[in-house]
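The values are calculated or read from the model by the stated rules, or taken from the named source; none is laboratory data. Note that this is a predicted model, so its numbers are computed, not measured. Please note: Cβ atoms are built from the backbone with ideal geometry, for glycine as well, and neighbour counts cover all protein chains shown. Please note that ligands, DNA and RNA were not included when accessible areas were found on the heavy atoms of the full protein model with its side chains. Shrake-Rupley method; radii C 1.70, N 1.55, O 1.52, S 1.80 Å.
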Amino acid sequence: MTSSRLLALDALVRIEDGAYAQVLVPAMLRGSQLRDRDRAFATDLVYGTVRSERRLDDLVTRAAKRPLHRLDPPVRAALRLGAYQLLHDVPRHAAVSETVDALAARSPRARGFVNAVLRALTRLGPPWPEPTSEGVALSYPDWLVDCLQRDLGDEDARAALVAMNEPAATTLRRNPLRATADALEAGLRDAGAQVERGALGPDALGVRGIGDPAALPAVRDGRATPQDQASQAVVGVLDPRAGERIADVAAAPGGKATAIAERVGADGAVVALDVDAGRLRLVREASARLGLGTVHAVVADGRALPLRPASFDRVLLDAPCSGLGVLRRRPDARWRVTESSIGGLAALQRELLAPAAELVRSGGVLVYSVCTLTRAETVDIDEWATQHLDGFDALPRPGTPWKPLGRGALLLPQAAGTDGMFVLSLRRHE
């Protein structure tokens with residue numbers, strides 16, 4: 001039978017091989033026979049180990065006396081897994097012995113080596129040796145620390161990096177077409193959840209003690225959708241009205257498109273565009289689950305939109321980005337994103353923004369959003385829009401906890417315990 005540590009070990013090997021943690025881990029948990037408590041432990045082991053990888057490698061290397069990159073992936077994963085537990089107050093005998101036992105199922109010949117290294121590690125701390133740099137201490141690549149310090153300032157950058165090392169909260173979005181807030185809240189409490197109203201959106205509910213949110217009856221039957229408050233707040237900035245015709249460019253997997261459809265109602269329409277046909281299937285599935293017949297999913301390259309200009313009341317461009325504001329829920333992205341990729345993403349954002357703007361009718365609204373914190377993808381895009389999008393004026397920014405940035409606003413992860421997000425809202429001249 002799969003134990004929490006064996007599941008975590010296998011997940012770490014696959015994530016290092018390229019799997020996405022936020023996709024892989026829920027799928028592995030659903031395929032396991034672990035109890036809820038063990039699922040939560042396995043999730044913490046995987047996400048915590050990935051999140052702490054650089055700090056763990058620094059300590060393990062001191063104990064192993066050899067570079068980790070020369071070890072086989074399961075051995076490297078077991079050493080990181082054991083080190084994470086030792087640093088997070090798991091009893092030593094369990095952290096060492098049970099991790100070695102898990103490794104025995106995948107690499108039995110390495111048991112002695114891993115056991116010796118983890119026992120050597122227990123002799124190093126606590127207190128653990130001081131990290132050699134801020135990047136090691138917080139477990140981020142140096143370029144990422146430098147980038148955010150340059151773009152946000154030292155204080156905000158450090159607070160953001162610390163906040164994104166915390167587990168992400170679970171937030172649901174109520175479907176107002178199928179449930180009242182009171183009824184949904186009562187149903188969640190009856191199912192054993194701890195519930196509190198969100199601060200950034202009228203339909204946001206923070207929930208704890210529920211396990212996999214996708215397994216909740218309220219989610220399965222379309223009364224609610226798991227979605228971070230920051231994403232819900234972006235739809236609030238777009239401010240969809242009943243009966244409006246709205247385009248969501250780069251819409252997959254559909255969280256914002258379906259939220260918009262819930263607001264425009266049966267007399268409105270949402271055209272959800274995305275270049276990825278496979279991911280667009282997720283939009284159709286989410287729409288069907290939520291009972292939304294007004295979402296029209298269209299495969300299209302956002303740089304050459306097959307739609308009539310000036311034909312939409314509002315347009316949302318939630319652009320592809322580096323995702324450096326959502327590292328709480330995608331901890332492996334810090335090791336996947338590169339500094340050199342940011343320039344290319346910013347170029348793509350500019351290429352998408354101009355065609356999106358053409359769709360907006362006279363007097364309509366265009367909202368640009370990204371779930372990242374870099375200057376290149378936020379205020380620099382705003383400056384480009386100022387120079388290249390004729391006939392648009394900036395609308396008022398959202399207030400606290402959003403922070404003014406250019407003509408838009410930045411939501412830092414530490415400001416409200418949410419994902420990091422940037423929004424820019426423009427209105428086309430009448």
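Separation of segment 198-250 and segment 100-167 by C-alpha centroid, Å?
Taking the Cα centre of each part, segment 198-250 and segment 100-167 sit 33 Å apart.
State whether segment 150-252 is rounded, prolate or oblate according to the following rule on the C-alpha gyration tensor (a ≥ b ≥ c being the square roots of its eigenvalues): a/c under 1.5 gives rounded; otherwise a/b larger than b/c gives prolate, and the remaining case gives oblate. Numbers along the way, then the final one.
On the way: a/c = 2.27, a/b = 1.24, b/c = 1.83.
In terms of gyration-tensor shape, oblate.
For a quick check: with amide H placed at 1.01 Å from N, whose amide H comes under 5 Å from residue 403's, ignoring anything fewer than 5 positions away on the same chain?
Amide H to amide H, under 5 Å and 5 or more residues apart or across chains, residue 403 pairs with 410, 411, 412.
Of the candidates 81, 405, 366, which one comes out as most mobile in a Gaussian network treatment of the chain with C-alpha springs shorter than 10 Å?
In this elastic network of the chain, the residue with the biggest mean-square fluctuation among 81, 405, 366 is 405.
With a 10 Å cut-off between alpha carbons and a GNM built on the chain, which of 228, 318, 36 moves the most?
Greatest mean-square fluctuation among the candidates belongs to 36.
How large is the convex hull of the C-alpha atoms of segment 42-95 per residue, in Å³? Intermediate values should be presented prior to the final figure.
Numbers: hull volume 4.3 nm³, N = 54.
Spread over its residues, the Cα hull of segment 42-95 gives 79 Å³ apiece.
What is the Å³ per residue value for the convex hull set by the Cα atoms of segment 303-348? Provide the component values of the computation, followed by the final result.
On the way: hull volume 5.0 nm³, N = 46.
Taking the convex hull of the Cα positions in segment 303-348, it is 109 Å³ per residue.
Rounded to a whole number, what % of the accessible area of the chain do carbon and sulfur atoms account for, probe 1.4 Å?
Details: 9230 of 18600 Å².
It is 50 percent, rounded to a whole number.
Explain nothing, just the number: dipole magnitude of the chain about its Cα centre with +1 on each Lys and Arg Cβ and -1 on each Asp and Glu Cβ, in debye rounded to the nearest 20.
Details: 55 positive and 53 negative charges, 269 e Å.
Once rounded to the nearest 20, the dipole reads 1300 debye.
Given springs between every Cα pair under 10 Å in a Gaussian network model of the chain, which of 289, 350, 35 has the largest fluctuation?
35
Over the chain, what is the relative contact order in percent, taking alpha-carbon pairs closer than 8 angstrom and at least six residues apart?
Working: 791 pairs, mean separation 53.6, N = 430.
Relative contact order, the chain: 12 percent.
Please list, in chain and number order, the residues 5+ apart from residue 364 or on another chain whose amide H is under 5 Å from its amide H, with Hs placed from the backbone.
Placed amide hydrogens put 428 under 5 Å from residue 364.
When the helix-only estimate is applied to the chain (DSSP H runs of n ≥ 4, each -39,500 (n - 2.57), divided by the residue count), what is the mean residue ellipticity at 222 nm, nearest 500 deg cm²/dmol?
Details: 19 runs with 196 residues, N = 430.
The per-residue figure over the chain is -13500 deg cm²/dmol.
Which residue, 269, 160, 11, has the largest displacement toward the positive end of the dipole of the chain when charges sit on each Cβ (Lys, Arg +1; Asp, Glu -1)?
So the residue we want is 11.
Quick one: grab Rg to one decimal and Dmax as a whole number for segment 387-430, Cα atoms only, in Å.
My reading of the Cα-based Rg and Dmax gives 12.3, 38 Å.
Per residue, how much accessible area does segment 1-157 show when a 1.4 Å probe rolls over the protein heavy atoms, in square angstrom?
Details: 7750 Å² over 157 residues.
Spelled out: the 1.4 Å probe surface of segment 1-157, per residue, equals 49 Å².
Could you tell me, in Å, what Rg and Dmax come out for the Cα atoms of the chain?
23.0, 74
Based on the alpha carbon coordinates of segment 276-341, what radius of gyration and maximum Cα-Cα distance (Dmax) apply, in Å?
Rg, Dmax (Cα atoms, Å): 15.7, 42.
Taking all protein chains together and a probe of 1.4 Å, list 419, 182 from the most accessible to the least accessible.
On the way: 419 10, 182 110 Å².
The residues order as 182, 419, largest area first.
Residue 97 accessible area, nearest 10 Å², 1.4 Å probe?
50 Å²
Where nothing but the Cβ of Lys and Arg (+1) and of Asp and Glu (-1) is charged, how large is the charge dipole of segment 296-430 around its Cα centre, in debye to the nearest 20? Kindly include the intermediate steps, with their values, before the conclusion.
Working: 16 positive and 15 negative charges, 76 e Å.
Approximately 360 debye in magnitude.
Quick check: convex hull of the Cα atoms in segment 81-217, volume per residue, rounded to a whole Å³?
On the way: hull volume 26.9 nm³, N = 137.
Residue-normalised Cα hull volume stands at 196 Å³.
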